[in-house]
């Protein structure tokens, strides 16, 4: 006879940890709404040419000086934590930029996938994405010790 696993929700033993996780959950909702974001420090030094969509590859990022250069533009302050942030195995920022480039790639699921912008209008949005990633990274750092305690084997 095998072991039957049932779905469960782990709760922290400490009320203080529970309250901290509730606060982190509230923070995640704020981040999703784009309110009260932590500033990433990413700045646009030279604007991307707005008249067309840029070409983009991973080689556009230079970790030695935390700079991102593509489409004639330059962004500074893009730390490796921002550049390498992943969700479900996909690096968030490179994928976001690639989707707004001249060759977005990815799967095509319908003719709607062929509808693309024709000009670059995303400079402010790129900085906001970096701010969201920074905010998510900070929330994860706050949650990590609590979640580690909750999932440690007894």
Estimated Rh, the chain: Kirkwood, alpha-carbon pairs, angstrom: 18.1
Go ahead and run the numbers for FRET between residue 19 and residue 152, Cβ-Cβ distance against an R0 of 22 Å, rounding to 0.05. 0.65
Ordering of 108-117, 94-103 by burial proxy (mean other Cβ atoms within 10 Å per residue, highest first): 94-103, 108-117
On a 0 to 90° scale, report how tilted helix 15-33 is relative to the longest principal axis of the chain, with both axes built from alpha carbons and the result rounded to the nearest 10. 20
Linear extension gain, residue 140 paired with residue 99, 0.36 nm per residue minus alpha-carbon span: 12.2 nm
Starting from the Cα of residue 124, step 7 Å toward the Cβ, then list every residue of the range 70-87 with an amide N under 16 Å from that point. none
If you take every DSSP beta bridge whose two residues both sit in the chain, what share of them, in percent to the nearest 5, is antiparallel? 100
With Cα atoms, 0 to 90° folded angle of helix 123-151 axis to the chain main axis: 20
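Quote the relative contact order of the chain in percent (integer), defining contacts as alpha-carbon pairs under 8 Å separated by 6+ residues.
On the way: 174 pairs, mean separation 46.9, N = 154.
It rounds to 30 percent for the chain.
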Computed, not fitted: 222 nm per-residue ellipticity of the chain from DSSP H runs ≥ 4 (each -39500 (n - 2.57)), nearest 500, equal to -12500 deg cm²/dmol
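None of the figures in this text is laboratory data; all of them are computed from the coordinates on show. Since the model is a prediction, treat every value here as computed from it, not as a measurement. All Cβ positions, glycine included, derive from the backbone under ideal geometry; neighbour counts span all protein chains shown.
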